[in-house]
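The values are calculated or read from the model by the stated rules, or taken from the named source; none is laboratory data. Computed from a predicted structure; not experimentally measured. Cβ: placed from backbone, ideal geometry, glycine included. Neighbour counts: every protein chain shown. Note: accessible area is taken over every heavy atom of the protein model, side chains too, but ligands, DNA and RNA are not part of it. Shrake-Rupley method; radii C 1.70, N 1.55, O 1.52, S 1.80 Å.
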Amino acid sequence: MSAFANDLANTPAGEGRVAIRQFSPDVATVLVDGEPVEVAAAPADGATLDLPAGTHTVSAVDASGNVLFDQTIEVADGRLASLFVRPGDDGTGAALSVREVAGCPRHPRGFPAEPVDSSARIGLTAWCRRSW
């Protein structure tokens, strides 16, 4: 199990936030809407982006430029989505898991000053796998 601190600062009106954490050793680059995102080597550090609310594409490529996944996500106005780039179900490649942070209701000026509960401040994630 890993704990991550989430950035719950206000977002500009009409924007949401995504936090990307990369766990797959096969991924060389993560892209959002076709643009590379510099994701820290340590998953706890990750990358955080504010994006316009709406539909966005998240992709991952390996060192040879092969697309490992290409997935559409929905970014909600004033919400945080945690994106976890993890090994595929067979232990190779990559897959994307998305979790919208609970306890952070829509607020007209972005995120509320205080989250409803502590689960909004810290994302707890556990993946059980036989091989990794």
Check your understanding: What's the number of the condition Ala40 fails, among (1) closer than 23 Å to Gly65 by Cβ; (2) part of a strand (DSSP E or B)?
Key -> (2)
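Filter region 23-37 down to the residues that are at negative phi and open to solvent by 40 Å² or more (accessible area, probe 1.4 Å) and list them by number. Full working, then the answer.
Of region 23-37, the ones at negative phi are 23-32, 35-37.
Selection gives Phe23, Pro25, Asp26, Ala28, Thr29, Glu35, Pro36.
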Exercise for review: Residues being open to solvent by less than 70 Å² (accessible area, probe 1.4 Å), hydroxyl-bearing (Ser, Thr, Tyr) and at pLDDT below 50: count how many of those fall in region 86-121.
Suggested key: 1
Exercise for review: Please determine, by comparing only the residues of region 43-73 that are among the acidic types (Asp, Glu) and in a loop (DSSP other than H, G, I, E, B), which one is most open to solvent (accessible area, probe 1.4 Å).
Suggested key: Asp45
Check your understanding: Assuming Gly16 fulfils every condition listed in (1) open to solvent by less than 20 Å² (accessible area, probe 1.4 Å); (2) closer than 24 Å to Asp89 by Cα apart from one, which condition is it?
Key -> (2)
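Among the residues of region 46-71, write down those that are of a type in the set (Asp, Glu) and touching a residue at least 24 places away in the same chain (Cβ under 8 Å). Break it down stepwise before answering.
Of all residues in region 46-71, those of a type in the set (Asp, Glu) come to 50, 62, 70.
Answer for region 46-71, where residues must be of a type in the set (Asp, Glu) and touching a residue at least 24 places away in the same chain (Cβ under 8 Å): Asp50, Asp62.
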**Study point:** Lone qualifier among Leu83, Leu8 - being open to solvent by less than 50 Å² (accessible area, probe 1.4 Å), part of a loop (DSSP other than H, G, I, E, B), of a type outside the set (Gly, Ala, Ser) and touching a residue at least 40 places away in the same chain (Cβ under 8 Å)
**Key:** Leu8
